[in-house]
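The values are calculated or read from the model by the stated rules, or taken from the named source; none is laboratory data. Since this is a predicted model, take the numbers as computed values, not measurements. Backbone-built Cβ (ideal geometry, glycine too); neighbour counts: all protein chains shown.
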Amino acid sequence: MEQWDESFFSDALRLEKLYRSCMRQAAHDHRLSPNEVAVLLFLSRNAPQQDTSTDIAAVHGISKALVARSVDKLQKRGLIAGERDADDRRLIHLRLCGEGEAIAAQMRQDCRRIAAQLHAGISEEELHAAHRIMRKMQRNLDALLEDMERQVK
């Protein structure tokens, strides 16, 4: 592996470690599990375009059962609410409510603060270029993962 590749993977792992640390802190501060934090942030960023448990499971790559447990706990605490789809009664659309909106807003603000620190000294042009490159790499990663899953089946 070339030096650049090793460095890139190492940096990506460090970034993931920072993100997970932030999520653990948010979970601790609000007495939530990391998966419950993920559900709140997902809904905050994606609803109403993507707002079902199936959407959350697919994007985060976690089981529907785990998402269902997190959704149940969040509903019991009044942080999210669900509403059946008028056309397809099997679908339940989720939304933030009550304190859930405030918690998600605080977590988004914390993420923006950390992102601002990460972006220090980097021009807008460089950030846009990095974002375009990461989207391309994400598509490549998705294709690699699909190939790997097909090989396992």
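Worth pointing out:
- Matching option when the condition is surrounded by 11 or more Cβ atoms within 10 Å (Cβ to Cβ) and touching a Gly at 6+ places or on another chain (Cβ under 8 Å), among Leu32, Leu40, Leu18, Leu66: Leu40
- Taken as a whole, the condition of being assigned by TED's automatic domain parsing to the domain that holds Ala26 and either of a type outside the set (Ser, Thr, Tyr) or part of a helix (DSSP H, G or I) (or both) does not apply to Glu146.
- First in the stretch 43-65 and closer than 15 Å to His93 by Cα and free of Cβ contacts under 8 Å to residues at least 60 places away in the same chain, second anywhere and of a type outside the set (A, V, I, L, M) and in a loop (DSSP other than H, G, I, E, B), Cβ under 7 Å, 6 or more apart: Ala57/Ser63
- Of all residues in the stretch 72-112, those being assigned to a helix (DSSP H, G or I) and of a type outside the set (Gly, Ala, Ser) number 15.
- Some residue of the stretch 22-35 being within 23 Å of Gly98 (Cα to Cα), part of a helix (DSSP H, G or I) and touching a Lys or Arg at 6+ places or on another chain (Cβ under 9 Å): yes
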